Amino acid sequence: MSVEYGIVFDPERCVACHGCAVACKVWRERPLGVFCRRIEKIWLKGEHMPRLRHASVACQHCAEPACMEVCPEGAISKGNDGIVRVDGEKCVGCRSCGDACPYAVPQFPDDGEGKMVKCDLCVGRYAMEKEEPPCVATCPTHALKLVKMNREEKKTAEAMMLNLLSSSS
């Protein structure tokens, strides 16, 4: 059974400090308007009154990436480590991946090229076996955690995020 990297999110721990989003943006020097990690407000409907929760949303590095399936240029691939990557040389900025992604993750900078960018777990920028990516390392409440998981665990984490994002609609 293969093991894949992913970042799991615990909404009960998130205090919406935006540290993860800022760390990602600064670490990767993303242009204005491009966020590979964002914080969403989630209003949970309860019996008595709604409760506010937040979701730190980034690429889930899905077990079966919809973005990869629809890319007409084959610019999106998934490695044996489970990390979904974008080849900027192949991407033509058609935005098919953005339409397919249930998490609204793909970003397209207004830099004239419009090639898709997204979280790649900062692979190659730190020692994955010993360190954490900046978004995880910055989280003061440990709402984010870099883990290795099997495909079923990954699918469960994906479903939990989708459920959280759809719970306020």
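The values are calculated or read from the model by the stated rules, or taken from the named source; none is laboratory data. Predicted model, so just to flag it, every value in this text is computed and none were measured. When we count neighbours, we look across all protein chains shown, and the Cβ atoms used for this are built from the backbone with ideal geometry, even at glycine. Accessible surface is based on the protein model in full, side chains and every heavy atom, while ligands, DNA and RNA are left aside. Shrake-Rupley method; radii C 1.70, N 1.55, O 1.52, S 1.80 Å.
Descriptive notes on the structure:
- Listed values for the range 99-107 are Karplus-derived 3J(HN,Hα) couplings in whole Hz (6.51 cos²θ - 1.76 cosθ + 1.60, θ = phi - 60°), namely 5, 7, 6, x, 9, 6, 8, x, 10, and x replaces Gly and Pro.
- Looking at the range 1-62, the accessible area is 60 square angstrom per residue; that uses a 1.4 Å probe and ignores ligands, DNA and RNA.
- Computed packing ranks the peptides 120-131, 149-160 as 149-160, 120-131, most packed first, by mean other Cβ atoms within 10 Å.
- Kirkwood estimate for the range 103-169, i.e. one over the average of 1/r between Cα atoms, Å: 14.6 Å
- Each residue of the range 60-72 is assigned a 3J(HN,Hα), and the resulting list reads 8, 6, 3, 4, 10, x, 5, 4, 5, 5, 9, 5, x Hz, derived from the Karplus form 6.51 cos²θ - 1.76 cosθ + 1.60 (θ = phi - 60°), x at Gly and Pro.
- Dividing the helix sum by the residues of the chain, where each DSSP H run of 4 or more adds -39500 (n - 2.57), gives a mean residue ellipticity at 222 nm of -6500 deg cm²/dmol.
- Residue among Phe35, Val57, Cys17 farthest towards the positive dipole end of the range 1-120, charges placed on Cβ: Cys17
- Computed from backbone phi with θ = phi - 60° and the Karplus coefficients 6.51, -1.76 and 1.60, the 3J(HN,Hα) list for the range 25-40 is 5, 5, 4, 9, 6, 6, x, 3, x, 10, 10, 7, 9, 9, 10, 10 Hz; x is used for glycine and proline.
- Dipole size of the chain about its Cα centre, with +1 on Lys/Arg Cβ and -1 on Asp/Glu Cβ: approximately 440 debye, rounded to the nearest 20.
- In the chain, inverting the average of 1/r over every pair of distinct C-alpha atoms gives 16.6 Å as the Kirkwood radius.
- Candidates Cys119, Met160, Ala137 compared by Cα position along the dipole of the range 114-169: farthest toward the positive end lies Cys119, with charges placed on Cβ.
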